[in-house]
Amino acid sequence: MTHPATAMPAISYNFAYLDEQTKRMIRRAILKAIAIPGYQVPFAGREMPMPYGWGTGGVQVTAALLGADDVLKVIDQGSDDTTNAVALRTFFETTAGVKTTSHTAEANVIQTRHRIPETPLKPGQVLVYQVPIPEPLRFLEPRETETRKLHALSDYGLIHVKLYEDIARHGHIATTYAYPATVNGHYVMDPSPIPKFDNPKMDHSPALQVFGAGREKRIYAVPPYTSVVPLDFADHPFTVQRFSQPCALCGAEGVYLDEVILDDQGGRMFVCSDTDYCAGRQAEGHTGTLSAPDAPTRADEGPKEGCS
Amino acid sequence: MGIAAPAAGFAEPVHESQRTFVALMWAMAEPALPRPLASALTPPAPLSPELAAVALTLLDYETPFFLDGPLAIAPVAAFLRFHTGAPHTLVAAEARFVLCADAGALPDFATLAQGTADYPDRSATVLAQVDRFTAGPLIFSGPGIPDTRRFGAEPLPADLAARLAANAALFPLGIDLVLCAPGTVAALPRTTRPVTPNP
């Protein structure tokens with residue numbers, strides 16, 4: 001079946017799927033979110049053609065700010081190739097016709113689920129986070145009326161108690177992801193379920209960071225060059241995960257690693273969670289213990305230690 | 001009585017409002033830094049093409065607007081109502097957007113919606129016209145500004161620094177200010193604080 005090049009597809013959507021009134025409403029929320037860093041702006045989140053939990057908040061933010069000349073990257077847990085990333089990238093290719101990439105440096109809009117790319121972000125880039133539960137106080141105080149008061153008063157004693165209970169039980173702060181952080185000295189925000197390894201990247205980032213929570217219908221933002229300070233105690237300062245081994249494929253150190261099970265004999269390896277970063281390093285000739293061409297089928301000589 | 005048709009809106013509403021919004025978004029994200037804003041609109045005077053583009057990008061039936069000073073004339077109100085469907089209010093405190101033709105005569109911020117402690121986003125955004133931007137005499141710091149940034153515009157009220165400092169002191173409440181000059185836009189959100197230069 002062929003169509004003339006100018007024919008409209010059988011079903012056509014507005015550019016980037018959302019209608020213009022929805023975009024205007026989201027755009028106003030984004031502007032107020034930037035003006036009040038860390039504050040969760042309520043917005044009239046729409047039903048999207050994907051279930052809640054698949055990034056409906058991030059998709060609506062991206063749809064509201066995406067332009068025809070933008071280059072979009074979508075990652076899911078650091079990977080460009082997993083289901084969520086492929087689905088959402090295809091969604092915007094189909095409904096907006098924008099150029100997409102897997103290279104962090106080439107994208108000016110990056111939608112992410114649960115990671116911040118290892119390649120440092122640049123001025124002019126927008127990082128859009130998919131957020132499941134935007135309220136850092138929600139599991140401590142279920143009433144929205146109360147959490148709003150606590151935010152207004154900047155009263156975050158509850159979270160400090162929660163972190164203290166971590167220390168009392170485990171001897172250290174056992175919160176490893178969605179680690180709460182104070183934005184610009186006032187609001188504490190949930191940075192979405194990124195590993196706490198990524199928290200330092202948010203502080204004074206040159207990129208604009210916008211968070212969209214579709215089910216909870218909240219948008220919040222961190223402007224560039226804004227302080228994002230993880231909560232901690234003087235005698236239990238914030239620390240990030242450390243890995244005892246470099247990436248098994250590219251040898252990178254100081255990056256966030258995923259554990260990959262290789263067999264049912266306890267074999268496993270640790271590789272970069274950021275697939276674009278890992279592929280870029282391999283293209284530059286960096287190798288790890290399990291690099292091709294002599295990559296063994298078993299991981300007997302592979303790393304045995306995970307993150308601490 | 002003849003009724004003139006309102007001037008045209010965006011030729012390409014989807015893409016022109018997107019470009020205008022992105023300019024605004026980055027103006028808000030990096031305060032006191034003027035950004036290019038192209039507008040081909042020919043709105044009724046004294047509404048400038050840039051301010052008209054910002055208004056058509058942000059206003060709709062959910063956002064009452066207030067016209068200040070020389071903008072408070074029927075052709076401007078009719079133009080905005082026709083293209084956006086936004087209600088025109090004569091009570092400044094009810095407006096989500098306050099449009100001002102002359103930034104030198106900005107309304108008293110205390111008369112505008114400041115937001116509430118629970119919902120600080122329910123505050124007014126002031127959209128004002130200036131003739132040009134200058135690199136000073138004001139110096140600002142705050143989120144979006146790596147260290148400090150020099151900024152100025154003509155015309156601005158002589159006491160603007162004091163008024164912005166008072167506005168910033170209300171954080172998280174307060175108004176957000178967007179300034180439009182020919183071909184450019186800049187913003188001073190409530191987080192942007194004037195800095196006294198070291199002698």
Fill in: A:Asp203 being crowded, with 20+ Cβ neighbours inside 10 Å and of a type in the set (Asp, Glu)
no
Worksheet item: For the stretch A:108-130, which residues satisfy the criterion of being under 8 Å from the mean Cα position of the chain (by Cα) and more than 14 Å from chain B (Cβ to nearest Cβ)?
Response: A:Gln111, A:Thr112, A:Arg113, A:His114, A:Arg115, A:Ile116, A:Tyr129, A:Gln130
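Can we say A:Gln209 is crowded, with 24+ Cβ neighbours inside 10 Å and either more than 14 Å from chain B (Cβ to nearest Cβ) or farther than 28 Å from A:Leu290 by Cβ (or both)? Explain how you work it out, then say what you get.
Numbers: crowded, with 24+ Cβ neighbours inside 10 Å: yes; either more than 14 Å from chain B (Cβ to nearest Cβ) or farther than 28 Å from A:Leu290 by Cβ (or both): yes.
Spelling it out, A:Gln209 is indeed crowded, with 24+ Cβ neighbours inside 10 Å and either more than 14 Å from chain B (Cβ to nearest Cβ) or farther than 28 Å from A:Leu290 by Cβ (or both).
Of these, B:Thr196, B:Thr191, which one is within 14 Å of chain A (Cβ to nearest Cβ), more than 17 Å from B:Arg132 (Cβ to Cβ) and out of contact with any helix residue (DSSP H, G or I) (no Cβ under 6 Å at 6 or more places or on another chain)?
Working: B:Thr196 fails: within 14 Å of chain A (Cβ to nearest Cβ).
On inspection, the qualifying residue turns out to be B:Thr191.
Tell me, please, whether a residue that is of a type in the set (Val, Ile, Thr), surrounded by fewer than 20 Cβ atoms within 10 Å (Cβ to Cβ) and part of a helix (DSSP H, G or I) can be found in the stretch A:35-56. Outline the logic, then answer.
Residues of the stretch A:35-56 of a type in the set (Val, Ile, Thr): A:36, A:41, A:56.
Those left that are additionally surrounded by fewer than 20 Cβ atoms within 10 Å (Cβ to Cβ): none.
No - not one qualifying residue is present in the stretch A:35-56.
Residues that are within 15 Å of the chain's Cα centre (by Cα): find the strands (runs of 3 or more DSSP E) completely inside the stretch A:175-268 holding 3 or more of those. Break it down into steps so the answer makes sense when it comes.
Numbers: elements: A:181-183, A:187-189, A:208-213, A:218-222, A:228-230, A:257-261.
Passing ranges, in order: A:208-213, A:218-222.
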Fill in: Residue identified as within 14 Å of another protein chain (Cβ to nearest Cβ) and assigned to a loop (DSSP other than H, G, I, E, B) among A:Glu146, A:Glu135
A:Glu135
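Return the residues of the stretch B:141-162 that are in a strand (DSSP E or B), within 13 Å of B:Ala32 (Cβ to Cβ) and under 18 Å from the mean Cα position of the chain (by Cα); say none if nothing qualifies.
In the first step, residues of the stretch B:141-162 are kept if they are in a strand (DSSP E or B); the result is B:141, B:149-154.
Cutting the leftovers down to within 13 Å of B:Ala32 (Cβ to Cβ) gives us B:141, B:149-153.
Matches in the stretch B:141-162: B:Phe151, B:Gly152, B:Ala153.
Here is a yes/no grid of residues against (1) touching a Pro at 6+ places or on another chain (Cβ under 9 Å); (2) assigned to a helix (DSSP H, G or I); (3) modelled with pLDDT of 95 or more:
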position	(1), (2), (3)
A:Ala64	no, yes, yes
A:Ile75	yes, no, yes
A:Ala85	no, yes, yes
A:Leu88	no, yes, yes
A:Gln111	no, no, yes
A:Val128	no, no, yes
Worksheet item: From the residues in the stretch A:63-96 that are acidic (Asp, Glu) and free of Cβ contacts under 8 Å to residues at least 40 places away in the same chain, which one is surrounded by the most Cβ atoms within 10 Å (Cβ to Cβ)?
Response: A:Asp76
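Here is a list: B:Ala105, B:Ala117. Which entry is aliphatic (A, V, I, L, M) and away from every other protein chain (no Cβ under 14 Å)? Show your work before the answer.
Values: B:Ala117 fails: away from every other protein chain (no Cβ under 14 Å).
Every option except B:Ala105 fails the conditions.
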Discussion item. Just to be sure I understand, how many residues within the stretch B:142-168 are within 13 Å of chain A (Cβ to nearest Cβ) and surrounded by fewer than 18 Cβ atoms within 10 Å (Cβ to Cβ)?
Written reply: 3
Worksheet entry | Condition met for A:Ile34 (facing chain B (nearest Cβ under 10 Å) and under 30 Å from A:Leu137 (Cα atoms)) | yes
Worksheet item: Out of the stretch B:174-199, which residues are among the aliphatic types (A, V, I, L, M) and surrounded by fewer than 20 Cβ atoms within 10 Å (Cβ to Cβ)?
Response: B:Val195
Worksheet item: List, please: which pairs have Cβ atoms under 7 Å, are six or more places apart or on different chains, and start with a residue in the stretch B:117-129 that is free of Cβ contacts under 8 Å to residues at least 40 places away in the same chain and end with one that is assigned to a strand (DSSP E or B) and surrounded by 23 or more Cβ atoms within 10 Å (Cβ to Cβ)?
Response: B:Asp121/A:Val41
Discussion item. Can you say whether B:Gly85 is touching a His at 6+ places or on another chain (Cβ under 9 Å), among the small types (Gly, Ala, Ser), within 14 Å of chain A (Cβ to nearest Cβ) and surrounded by fewer than 23 Cβ atoms within 10 Å (Cβ to Cβ), as far as the supplied structure shows?
Written reply: no
Item to complete: Could you please give the count of residues in the stretch B:2-46 that are of a type in the set (A, V, I, L, M), surrounded by 16 or more Cβ atoms within 10 Å (Cβ to Cβ) and more than 10 Å from chain A (Cβ to nearest Cβ)?
Response: 6
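The values are calculated or read from the model by the stated rules, or taken from the named source; none is laboratory data. This one's a predicted model, so the numbers in the text were calculated from it and none came from an experiment. Note: ideal-geometry Cβ built from the backbone for every residue, glycine included; neighbour counts use all protein chains shown.
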